[in-house]
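Take a look at the structure set out below.
The values are calculated or read from the model by the stated rules, or taken from the named source; none is laboratory data. Small disclaimer: the values here were computed from a predicted structure and weren't measured. Neighbour counts run over all protein chains shown; Cβ positions are idealised from the backbone, glycine included. Just so you know, the surface numbers come from the protein's heavy atoms only, side chains and all, with ligands and any DNA or RNA stripped out. Shrake-Rupley method; radii C 1.70, N 1.55, O 1.52, S 1.80 Å.
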Amino acid sequence: MSTVVSAVTHPVRLTERINRIEPSATMAVVAEADKLRQQGIDVVDFGAGEPHFATPQHVKDAAIAAIQSNFSKYTPVGGTAELKDAIVHRHAVDFDSDYRREEVCASVGGKHALFNAISVLVDHGDEVILPVPYWVSFKDMVRYAGGNCVLLHSDESQGFRVTAEMVARLVTPKTKLIILNSPSNPAGAVMNAEDMTAVVRLAHERGIWVISDECYVYLNYGGQRFSVGSLREFRDRFLVVGSLSKTYAMTGWRLGYTLGPAAVIGAVQKLQSQSTSNPTSIVQKAAVAALKGPQQCVEEMRQEYTRLRDHVVDGLRLIDGVNCNMPQGAFYAYPNISAFLGRSGVNSAADVAGKLLREVHVATVPGEGFGTKEHIRVSYATTIAELDRGLERMRKFFGAL
Ligand SMILES: Cc1ncc(COP(=O)(O)O)c(C=O)c1O
């Protein structure tokens, strides 16, 4: 006699917490473009948010030496003293800050650093002021922590400028945090030092925290690069988050950091001690080489990005109906494509980006993920030849829409 095993399917019951957030919109585009590539389709990729440069040789050498010398054990949770000192040193030299070792924690990328920082500062029901357009992950990190985002809408014709007056209008007794990101992803908007200082001063006066995401701080093409870390008098109210990903073309290595008051850094380390523990030991050695070694590579990449930016913006502006601000930093153009909405069954930026990918095989990221419905994000971290190939396809596509 055989036993009949009935297949009982149990519905997967996940937490309310995980259901509050969505997968990253940029990751979704990368995955779809990859799928097309696997089918042998020649995709021009303006979707990925990462440098096309290789990691500098001296950084790679340091990692290889770390492997050879068996630097392969656990390290302190927030990074080795050597790495913490290197982060503090680099920041002091470049931005006139005065952090101490207890005021820095190294994490597994800037994203991890931001996740930790938001987790330790934002509680259920707290309000977080977030300028639009925002980097995709801020909103979901805040929601995961139980907070509510209060969106600060800025004016595209003013370069998406954010001022203290605009922030002040949104402050309520529940406001816990303001997130700044300059230069910004996706618009490449750069806050001037006066506006940043005014926002940090306002936050300090009102007892509100500021997290300044400065992952693109070295990719500033206009004015002087600026970190809120230099505003020493307000330092008990802000955290600076940095990353080696974009600065040294090290996205896959995963090394970011938080600078801030020792009490908050202690909490960040406590959280990290119960999740990832330390960032990879050999990457820490590579990071020390990046931060303490020659900085010429950073300037060379910045100059090349400037050339690529000018090229892509010129090309986009030549497409009838496309309007594009000149980004002042990072490596994204954020053209406004609202002139095409309502044509040929296209009703949203997501429709435009979807059609661009499927019909002419150009990957971009639709603005919805960044909080605007009238833009697509074009990453220009690629070669001039690749920009030209993509621009040509986009010209044909928009010309026929
Ligand atoms: C604004 C912004 N912050 C943080 C990050 C995180 O970068 P990483 O985790 O590679 O350091 C990114 C990456 O795209 C970003 O665009």
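Per-structure values
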item	result
Added length on full extension, which subtracts the Cα-Cα distance from 0.36 nm per residue, residue 161 to residue 344	62.6 nm
Per-residue HN-Hα couplings for segment 343-356 [Karplus 6.51, -1.76, 1.60; θ = phi - 60°; Hz; x = Gly/Pro]	9, 6, x, 9, 10, 8, 4, 5, 5, 4, 5, x, 5, 4
Residue 35-residue 383 pseudo-label distance in nm [points 7 Å out on the Cα-to-Cβ vector]	2.9 nm
Net charge, residue 310 excluded, C-beta distance under 14 Å - Lys, Arg +1, Asp, Glu -1	+1
Sum of -39500 (n - 2.57) over DSSP H runs of 4+, divided by residues of the chain (222 nm, nearest 500)	-12500 deg cm²/dmol
Relative contact order (percent, whole number), segment 301-357, Cα cutoff 8 Å, 6+ residue spacing	22 percent
Protection proxy ranking, peptides 137-145, 87-95, 39-47, 237-245, average beta carbon neighbours within 10 Å, highest first	237-245, 137-145, 87-95, 39-47
Residues whose placed amide H lies under 5 Å from that of residue 178, excluding near-sequence neighbours	129, 209, 210, 211
Portion, in percent, of the accessible area of segment 331-375 that falls on carbon or sulfur, probe 1.4 Å	46 percent
FRET efficiency for residue 224 and residue 351, using Cβ-Cβ distance with R0 set to 35 Å, rounded to 0.05	0.30
Contact order normalised by residue count of segment 235-285, Cα under 8 Å, 6+ apart, percent	33 percent
Cβ-based net charge around residue 225, under 15 Å, with every Lys or Arg adding one and every Asp or Glu removing one	-4
Out-of-range pairs (alpha-carbon distance over 22 Å; input 73/285; 174/246; 73/246)	174/246; 73/246
Net lengthening on full extension, residue 192/residue 358 (0.36 nm per residue, minus Cα-Cα)	55.9 nm
Over segment 71-117, volume per residue of the alpha carbon convex hull, in Å³	92 Å³
Beta bridges by DSSP in the chain, antiparallel share as percent, to the nearest 5	45 percent
Value of Rg to Rh for the chain (Rh from inverse mean 1/r over Cα pairs, i.e. Kirkwood)	0.99
Integer Hz, Karplus 6.51/-1.76/1.60 couplings in order for segment 374-385, x for Gly and Pro	10, 9, 10, 9, 10, 7, 9, 7, 7, 8, 4, 4
Proximal charge balance of residue 198 [Cβ under 11 Å; K/R count +1, D/E count -1]	-3
Under 28 Å from residue 176, Cα to Cα: lysines that are on another chain or at least 8 residues apart	84, 111, 139, 270, 373
Under 19 Å from residue 396, Cα to Cα: lysines that are on another chain or at least 8 residues apart	355
Amide H contacts under 5 Å for residue 337, placed H, 5+ residues apart	375, 376
Percentage, to the nearest whole number, of Cα pairs in segment 288-390 over 18 Å apart	52 percent
Per-q log10 I(q)/I(0), segment 357-401, q = 0.21, 0.26, 0.28, 0.30 Å⁻¹ (Debye; single scatterer per alpha-carbon; no solvent)	-0.78, -1.04, -1.10, -1.13
Among 181, 323, 116, residue whose mean-square fluctuation peaks in a GNM of the chain (springs only between Cα atoms under 10 Å)	323
Calculated FRET value between residue 171 and residue 318, using beta carbons and R₀ = 60 Å, to 0.05	0.90
Relative contact order [Cα under 8 Å, 6+ residues apart], the chain, whole percent	23 percent
Gaussian network model of the chain, Cα within-10 Å springs - most flexible of 35, 176, 84	35
